[in-house]
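Step one of this worksheet: look at the structure below.
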Amino acid sequence: MKITLAAIVPRRNRSKADAFETLIADYTKRAARYVSTETQLFESESEFVMWLGGQAGRVAPYAILLDSRGKQLSSEELATLLGGHRDQGTQRVVLAIGPADGWSAERRGQAGMLLSLGRITLPHQLARVVLAEQVYRGLSILAGHPYHSGH
């Protein structure tokens, strides 16, 4: 299984804050110890959709779109979700943070799942860090790594 952490962030809105990018890269590298993990940034929802359509292997990628109307999961529940896809042979899971105005109704309707990080609003860079950390945490839970205990 391969995990892609995607986000719609137009170049003009991309932060130059190295601290965010350093954290995202660190958690992505940690997650890659368990499964292939990468990050992707897109200019627009349509650019993301075109990229997603080109990622099909035997089956289309499983797209989890982050949306305020989505399901809220605990870290353990996210681990179970990722583990289920790994065990079922899903080739690629894409977790994507949408545009500033949110995903279109059409895109939400086509998603494999809508996931919410909670009821609070987060800037894209911070949401990317939280998502990367939670993916790493979920994978470490599946591996029985002690990272999760006590945090």
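Values quoted throughout were computed directly from the atomic coordinates according to the rules given, and no laboratory measurement underlies them. Worth saying up front: this structure is predicted, and the values here are computed from it rather than measured. Cβ coordinates were reconstructed from backbone atoms using ideal geometry, including for glycine residues, and neighbour counts include every protein chain displayed.
Of the Cα atoms belonging to the chain, the radius of gyration and Dmax stand at 14.6, 41 Å. Applying 1/(1 + (r/R0)^6) with r as the Cβ-Cβ distance of M50 and S116 and R0 = 25 angstrom yields a FRET efficiency of 0.45.
With θ taken as phi - 60° and the Karplus curve 6.51 cos²θ - 1.76 cosθ + 1.60 applied, the whole-hertz 3J(HN,Hα) list for region 42-55 is 10, 6, 8, 4, 5, 5, 4, 4, 4, 4, 4, x, x, 9 Hz, x standing for glycine and proline.
Within region 66-95, list the residues whose amide N lies under 18 Å from a label point set 7 Å along Cα→Cβ of K2. Inside the label zone: 85-95. Between amide H atoms placed 1.01 Å from N, distances below 5 Å from T39 occur with L5, all of them 5 or more places distant or on a separate chain. In region 2-143, the DSSP beta bridges split such that about 0 percent are antiparallel, to the nearest 5.
Between V135, V59, V93, find the one with the highest GNM mean-square fluctuation for the chain; connect C-alpha pairs within less than 10 Å. Comparing V135, V59, V93 in the GNM, the peak value goes to V59. Each Lys and Arg Cβ is given +1 and each Asp and Glu Cβ -1; about its Cα centre, the chain then shows a dipole of about 100 debye. Within the listed set T28, T121, T90, the residue fluctuating most in the Gaussian network model of the chain (springs between alpha-carbon atoms under 10 angstrom) is T121.
Once R0 is set to 35 Å, what does the formula 1/(1 + (r/R0)^6) return for the Cβ-Cβ distance between D101 and E76, expressed as a FRET efficiency to the nearest 0.05? In this case the efficiency is close to 0.65. With only Cα atoms counted, region 74-143 has Rg and Dmax values of 13.0, 36 Å. Close amide H contacts of L117 (hydrogens built in the peptide plane, cut-off under 5 Å, sequence separation of 5 or more or a different chain): D67.
Among L122, L41, L114, the residue with the largest mean-square fluctuation in a Gaussian network model of the chain, with springs joining Cα atoms closer than 10 Å, is L122. For D26 and S68, the difference between the fully extended length at 0.36 nm per residue and the C-alpha to C-alpha distance is 12.5 nm.
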